[in-house]
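The structure appears below as structure tokens.
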Amino acid sequence: SLQDQFDTLEKHTQWGIDVLEKYIKFVKERTEIELSYAKQLRNLSKKYQPKKNSKEEEEYRYTSTRAFLATLNEMNDYAGQHEVISENMTSLITGELTRYVQELKQERKSYFHDGRKAQQHIETCWKQLEASKRRFERDCKEADRAQQYFEKMDADINVTKADVEKARQQAQLRHQMAEDSKAEYSSTLQKFNSEQHDHYYTHMPNIFQKIQEMEERRIVRIGESMKTFAEVDRQVIPIIGKCLDEITKAAESIDHKNDSQLVIEAFKSGFEPPGDIDFEDFTQPMKRTISESSLSNSRGDGKSEPKFGGKSKGKLWPFIKKNKLMSLLTSPHQPPPPPPASASPSAVPNGPQSPKQQKEPLSHRFNEFMTSKPKIHCFRSLKRGGAGPEDFSNLPPEQRRKKLQQKVDELNRDIQKEMDQRDALTKMKDVYIKNPQMGDAASVDQRLAELGQNIEKLRLEVQKFEGWLAEVEGKLPMRTEQARRQSGLYEAQNTSAVNSCAQDRESPDGSYTEEQSQETEMKVPAMDFDDEFDDEEPLPTIGTCKALYTFEGQNEGTISVAEGEMLYVIEEDKGDGWTRIRRNEDEEGYVPTSYVEVYLDKNAKGA
């Protein structure tokens, strides 16, 4: 029986509440872990997401990188499921159990208060019974003494009759008091017995029953919470499984053939490989045989050697120490530039043109390299992330065609947007004209005029880029025709669009480009292969310059200058920020245009 274990039960129920609160704390810490894990997963996914308007965004056209992006997105959803776990555990377990613990404490307090009250009541009844019993005992003893005194007085002959009567009355009084105490004691005893019976068989069992039910509900509740703990996890397993399935599906979607083809499409230049080099017979003294595949062309009898951009050594450009061309030809990352078919008059300021004669393809290609116009800013802009020329002439033909097509599409989209805005404003103006109370029709005229100007500018831009695109697309088939004729003869004279200046120009960064116009045409000068590597003739000076600042020319192709130094200008800035200067016959190179003050000759400017 637990009748005498009331205090023990009180301690046990308090321990049960402590266990419940400990479990609540455990679940709360679990939810915090889930939230922290979800946050870390989201941060991880965000960290590896491609940056907007960055090079990384372009990389996500490949199936492998798209699969990785899908994995990042699925990890984000995966993190969301852990947040769901935290939310559900907080609402279904932590919140519910916290409220239940408060109710349980109040219920327990009420039951033990009733139990203590019942105990106090039975103790009070017991005290009343004891008091009644002691009073009855005292009155009985007093009655016995009074009876004995009366009998003694009655037997004594010396005692007066009045004293005897007085003793007899006192004995009767005491006897009556004893009887009254007896009746009271009997009544109190019966009452106590009844209260004690009710206490042990009714009141306390009911209280213990309620405490027992309370404790059992607590045990059941913690068990249900543990089930909920598992169910919350189990509910997200299908969604987590779907996330993992999507990651697997993304991995299976990787197509190595497609990715390889994208690389080919992205980087193919449109150039054709050079033809075979034929054997050149050097056994004949003092003369060389003109070979259809050699790198040399005959020099005109009695004529001076042709110059390229004012350089007699232009023909040796692929083999000189500052070898840029060969690095481009052999570089797996950047193919050589498309050679132009002719050179501008300024490219051959001195010396007559060589006579027209047949040339083999590779020799002709090197001649085209000699007469092409490399721009310093082309490769440097690629290396430093700067903007290239507007017509993308720094790119190989195929890449240039793609960029121009993208630009045309982008401009057409911009035109469509502007036209949509113009149409909307036109409709608004019509509404204002029909309903003047809605607004002033003249208020939109300025905006309509601006939109018209913007559309006209964009259309001019489209025409400009479409012209360049048509030029490139017209050249690409010529490359194919050239490839078909590689094994045969190649005409020595070919016409092509050339820009105002097509000098052989080598920038400090080894960049190159081609710019061509459709205004000037001339023959391609021949180039001899000279094994003695003649010294190149210096470019003519076109002015002078004064160094405004000291420049340490550490890059290849640059030259160091001191502040205040006067030097000769041999080539103007072509828009890339570099000017070519000369100190003496042996020292020349590029310096930043902003570092010098240039004084050009008037005749040179006119040329």
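Some observations on this one:
- Rounded Å value of the spacing that divides the Cα centres of the stretch 84-155 and the stretch 242-259: 77 Å
- For the stretch 23-150, the fraction of C-alpha pairs more than 19 angstrom apart is 74%.
- Surrounding net charge for Ser86, when Lys and Arg each add one and Asp and Glu each subtract one, Cβ distance under 9 Å: -3
- With 21 Å as the limit on Cα-Cα distance, the pairs of Lys46/Lys417; Lys407/Lys429; Lys249/Lys402; Lys117/Lys210; Lys105/Lys210; Lys11/Lys109 that go past it are Lys46/Lys417; Lys407/Lys429; Lys249/Lys402.
- In the calculated pair-distance distribution of the stretch 167-210, the portion above 13 angstrom amounts to 66 percent of the Cα-Cα pairs.
- Surface share of carbon and sulfur [accessible, 1.4 angstrom probe, percent] for the stretch 392-473: 50 percent
- With all pairs of different C-alpha atoms in the average, the Kirkwood value for the hydrodynamic radius of the stretch 1-50 is 14.3 Å.
- Put simply, the amide H of Gly275, placed in the peptide plane, has neighbours under 5 Å in Leu362, leaving out anything fewer than 5 places away on its chain.
- Where Rh is the Kirkwood radius over Cα pairs, Rg/Rh for the stretch 216-257: 1.46
- Cβ-Cβ FRET estimate between His12 and Asp180, R0 fixed at 56 Å, reported to 0.05: 0.70
- Over the stretch 113-234, the reciprocal of the mean inverse Cα-Cα separation, the Kirkwood hydrodynamic radius, stands at 19.4 Å.
- Whole-Hz Karplus values for the stretch 17-26 come out as 5, 4, 4, 4, 5, 5, 5, 4, 5, 4 Hz, taken residue by residue from phi with 6.51 cos²θ - 1.76 cosθ + 1.60 and θ = phi - 60°; glycine and proline positions read x.
- For the stretch 392-473, convex hull volume per residue from C-alpha positions, Å³: 73 Å³
- Phi-derived couplings, Karplus 6.51 cos²θ - 1.76 cosθ + 1.60 at θ = phi - 60°, listed residue by residue for the stretch 435-449: 10, x, 5, 7, x, 8, 5, 6, 5, 9, 4, 4, 5, 5, 5 Hz, with x used for Gly and Pro.
- Gln406-Thr202 FRET efficiency (beta carbon distance; Förster radius 60 Å; 0.05 resolution): 0.05
- Protection proxy ranking, peptides 232-244, 74-86, average beta carbon neighbours within 10 Å, highest first: 74-86, 232-244
- Under 5 Å between amide hydrogens, built in the peptide plane, is the criterion, and for Glu588 it picks out Arg583 among residues at least 5 positions away or on other chains.
- Probe 1.4 Å, protein heavy atoms only - accessible area per residue of the stretch 543-600 in square angstrom: 51 Å²
- Probe 1.4 Å, protein heavy atoms only - accessible area per residue of the stretch 392-473 in square angstrom: 60 Å²
- log₁₀ of I(q)/I(0) at q = 0.09 Å⁻¹ - the stretch 5-261, Debye sum with one point per alpha carbon: -0.72
- Residue by residue, the stretch 147-162 carries 3J(HN,Hα) couplings of 5, 5, 5, 5, 5, 5, 5, 5, 7, 7, 6, 7, 7, 5, 5, 5 Hz when phi is fed to the Karplus relation 6.51 cos²θ - 1.76 cosθ + 1.60 (θ = phi - 60°); x denotes Gly or Pro.
- The stretch 543-600: C-alpha gyration tensor shape, a/c 1.5 cut-off, then a/b vs b/c: rounded
- Accessible area per residue in Å² at 1.4 Å probe, computed on the stretch 5-261: 67 Å²
- Other residues within the sphere of radius under 11 Å centred on the Cβ of Glu32, judged by their own Cβ, net out at +2 (K and R +1, D and E -1).
- Accessible-area composition of the stretch 5-261, carbon plus sulfur, in percent [1.4 Å probe]: 52 percent
- Lys55 - accessible surface, heavy atoms, 1.4 Å probe, Å² rounded to 10: 150 Å²
The values are calculated or read from the model by the stated rules, or taken from the named source; none is laboratory data. None of these values were measured; they are calculated from a predicted model. All Cβ positions, even for glycine, are placed from backbone atoms using ideal geometry, and neighbour counts span all protein chains on display. The area values use the complete protein model at the heavy-atom level, side chains included, leaving out ligands, DNA and RNA. Shrake-Rupley method; radii C 1.70, N 1.55, O 1.52, S 1.80 Å.
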